[in-house]
1. Quick one: how many residues across the range 90-106 are surrounded by fewer than 15 Cβ atoms within 10 Å (Cβ to Cβ) and in contact with a Cys (Cβ under 6 Å, 6 or more places away or on another chain)?
2. Working only within the range 21-76, note down all residues that are touching a Pro at 6+ places or on another chain (Cβ under 6 Å) and assigned to a strand (DSSP E or B).
3. Can you name the residue in the range 1-51 that is on the phi < 0 side of the Ramachandran plot and acidic (Asp, Glu) and, of all such residues, is modelled with the lowest pLDDT?
4. State which residue pairs qualify: first residue closer than 23 Å to Glu116 by Cα and inside the range 22-44, second residue among the charged types (D, E, K, R) and surrounded by 12 or more Cβ atoms within 10 Å (Cβ to Cβ) in any location, beta carbons under 6 Å apart, and separation of 6 or more residues or different chains.
5. What is the number of the single condition among (1) touching a helix residue (DSSP H, G or I) at 6+ places or on another chain (Cβ under 8 Å); (2) modelled with pLDDT under 95; (3) closer than 21 Å to Val28 by Cα that Ala77 does not meet?
6. Please give the number of the condition Glu30 fails out of (1) farther than 15 Å from Ala96 by Cα; (2) surrounded by 13 or more Cβ atoms within 10 Å (Cβ to Cβ).
7. For the range 77-93, give me each residue that is assigned to a helix (DSSP H, G or I) and among the β-branched types (Val, Ile, Thr).
8. Quick one: which of Ala82, Ala117 is under 24 Å from Lys133 (Cα atoms), surrounded by 14 or more Cβ atoms within 10 Å (Cβ to Cβ) and modelled with pLDDT of 95 or more?
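The values are calculated or read from the model by the stated rules, or taken from the named source; none is laboratory data. All figures in this text were calculated on a predicted structure; none of them were measured in a lab. Cβ sites come from the backbone with ideal geometry, for glycine too, and all protein chains shown count toward neighbours.
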Amino acid sequence: MNGSSEKAKKLLVEKTTFVLINGETVRVSEKSGIAPIMELLAENPEIFKGAYAADRVTGRAAALLLAFGRIKELYTALISRAAVSALEENGVAFFAEREVLRITDRSGTGLCPMEEAVMRVSSPGEAYGVLRKLTGK
């Protein structure tokens, strides 16, 4: 990891769930799921291009959204195998503390609905469209 990656990782503390660093621009969120990524994509998709991100939990939906934004590198505390595949297929460098088979829903009884929505989607652009419809963002 380079300096920006390390900085993003260090900012991922306490309630922070997502960090994006692009040059001097630093965006931090405490929102859960893919909400921080969807909001930033809606606000300014160019902010992702060449950026460094840190995410607490990265499922396939988040991975495809980050690939859609064309980030350079991701640090994540927890990643699903489907997210690993999505990042590798789209040439996004990443470092993960722990890999799991899948990301579960908030009740822990089933698959995360966002991950499930894009499980058969391979294109980052298509995933963004599916997730925009699903979340209304």
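1. Residues meeting the conditions: 1.
2. Ser29, the sole residue that qualifies.
3. Here the residue is Glu6.
4. Met38/Lys137; Ala42/Lys137
5. Of (1) touching a helix residue (DSSP H, G or I) at 6+ places or on another chain (Cβ under 8 Å); (2) modelled with pLDDT under 95; (3) closer than 21 Å to Val28 by Cα, only one is false for Ala77: (1).
6. Evaluating Glu30 over (1) farther than 15 Å from Ala96 by Cα; (2) surrounded by 13 or more Cβ atoms within 10 Å (Cβ to Cβ) leaves (2) as the failure.
7. The first filter runs over the range 77-93 and keeps only residues assigned to a helix (DSSP H, G or I), leaving 81-89.
Passing the criteria: only Val84.
8. Values: Ala117 fails: modelled with pLDDT of 95 or more.
Of Ala82, Ala117, the one residue that is under 24 Å from Lys133 (Cα atoms), surrounded by 14 or more Cβ atoms within 10 Å (Cβ to Cβ) and modelled with pLDDT of 95 or more is Ala82.
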